[in-house]
Amino acid sequence: MWIKIFVDYLRFERNLSEKTIEGYQADLEAFKQFYENLNSEISWKTVDSDIIRDWEVSMMNNGNTASSVNRRLSALRSFYRFLLKRKLVTVDPAHNLRGPKKEKSLPYYIRESEMNRLLDEENHFSDDFEGHRDKMIMLMFYSTGVRLSELTGLNLPDVDLDQMQIKVTGKRNKQRIIPYGDEMGDAIRAYLDMRASFLAEKGKEDEKAFFVDIRSGNRILPGKVQLLVKKYLSQVTTQRKRSPHVLRHSFATSMLNHHADLQSVKELLGHESLSTTEIYTHTSFEELKEMYKQAHPRAK
């Protein structure tokens, strides 16, 4: 009866959608069934926080996600606030209960073998300036882990060929130095030679942006970089997410897979907190488990 009163309140006073109302009703009916199975004498008035905690544990043990459990607890809190306001109960047992922490989803990344195919095979990039620029973009993302805004904001003075490092400006205008290797150094030199010739033809010799647009000769826009990253990653992977940020994840994962320490990866990525970087250890461990399953004769 009280659930029906609450549902009418949601429908006629709150004007919620029927789908939302059905969700609330189903969640409350599920909890009612749970406490009645515990003891037929329990009612909405006698439910205490221990019973709700038991329900929470039961849901998690039955394979419900943290998001699903938190949604049901939220429905219960709303219900008890309503009952308390209508003076149908004197205590709200759900008030101080916290739900389970939401699972952090593992970041998408491109496998090393797929990146090697993209960067090493000759059929992925054209031999003109656009092809060299595109390959330079893909290589810089994967070799340095820079963010999209950091790459498009890069200027010529930010690339130090002698010290083999780049200076990027990250979040809150915080700058950091990122080293790079011989492969990227050779690619930068080749790119800069072609860039100079291209911009001379455009009459844009004074352009300071490191990466330029093919049509205008001006600084390349983030949207165009996103499109070209998706285009090239589509040639080597079928995974749904194919973005510059996936290449940043791929950089971090590859570093950790090759035994880089977490603090170093944190500094290279420009993370404020080590906890932000730690998610990549889970990704690396997932890859390690997969390798174990493939390699060990008793792992099947």
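The values are calculated or read from the model by the stated rules, or taken from the named source; none is laboratory data. Predicted, not measured: the structure shown is a model, and the values here were computed from it. We place every Cβ from the backbone using ideal geometry, glycine too, and count neighbours over all the protein chains shown.
Some observations on this one:
- Of everything in region 238-257 that is of a type in the set (D, E, K, R) and not in a helix (DSSP H, G or I), the residue that is modelled with the highest pLDDT is 242.
- Residue within region 50-59 that is among the aromatic types (Phe, Trp, Tyr) and in a helix (DSSP H, G or I) present: yes
- Which numbered condition residue 84 misses (of (1) of a type outside the set (Asp, Glu); (2) part of a helix (DSSP H, G or I); (3) touching a helix residue (DSSP H, G or I) at 6+ places or on another chain (Cβ under 9 Å)): (3)
- Residue in region 111-129 that is among the small types (Gly, Ala, Ser) and assigned to a loop (DSSP other than H, G, I, E, B) present: yes
- Residue within region 155-176 that is out of contact with any His (no Cβ under 6 Å at 6 or more places or on another chain), outside any helix (DSSP H, G or I), crowded, with 18+ Cβ neighbours inside 10 Å and without any contact (Cβ under 8 Å) to a residue 40 or more places away in the chain present: yes
- Of all residues in region 225-237, those that are closer than 19 Å to residue 146 by Cα have Cβ atoms under 9 Å from Cβ atoms of residues that are crowded, with 19+ Cβ neighbours inside 10 Å and hydroxyl-bearing (Ser, Thr, Tyr), 6 or more apart or on another chain, in 225/152.
- Region 177-197 - residue that is of a type in the set (Asp, Glu) and surrounded by 11 or more Cβ atoms within 10 Å (Cβ to Cβ) and, of those, modelled with the highest pLDDT: 193
- Scanning region 10-19 for residues that are over 19 Å from residue 32 (Cα atoms) and either in contact with a helix residue (DSSP H, G or I) (Cβ under 7 Å, 6 or more places away or on another chain) or not assigned by TED's automatic domain parsing to the domain that holds residue 31 (or both) yields 11, 16.
- Output for region 146-164, where each listed residue is farther than 20 Å from residue 212 by Cα and among the polar types (S, T, N, Q): 163
- Residues that are among the β-branched types (Val, Ile, Thr), closer than 16 Å to residue 145 by Cα, at pLDDT below 95 and touching a Phe, Trp or Tyr at 6+ places or on another chain (Cβ under 8 Å) do not occur anywhere in region 271-280.
- Boolean, residue 105 is loosely packed, with under 14 Cβ neighbours inside 10 Å, modelled with pLDDT under 95, assigned to a helix (DSSP H, G or I) and not assigned by TED's automatic domain parsing to the domain that holds residue 257: no
- Verdict on residue 150 being surrounded by fewer than 17 Cβ atoms within 10 Å (Cβ to Cβ) and either in contact (Cβ under 8 Å) with a residue 12 or more places away in the chain or part of a strand (DSSP E or B) (or both): no
- The single condition among (1) touching a Lys or Arg at 6+ places or on another chain (Cβ under 9 Å); (2) crowded, with 17+ Cβ neighbours inside 10 Å; (3) not assigned by TED's automatic domain parsing to the domain that holds residue 249 that residue 72 does not meet is (1).
- Any hit, region 202-221, residues being surrounded by 15 or more Cβ atoms within 10 Å (Cβ to Cβ) and of a type in the set (Ser, Thr, Tyr): no
- Any hit, region 201-211, residues being touching a helix residue (DSSP H, G or I) at 6+ places or on another chain (Cβ under 8 Å) and free of Cβ contacts under 8 Å to residues at least 40 places away in the same chain: yes
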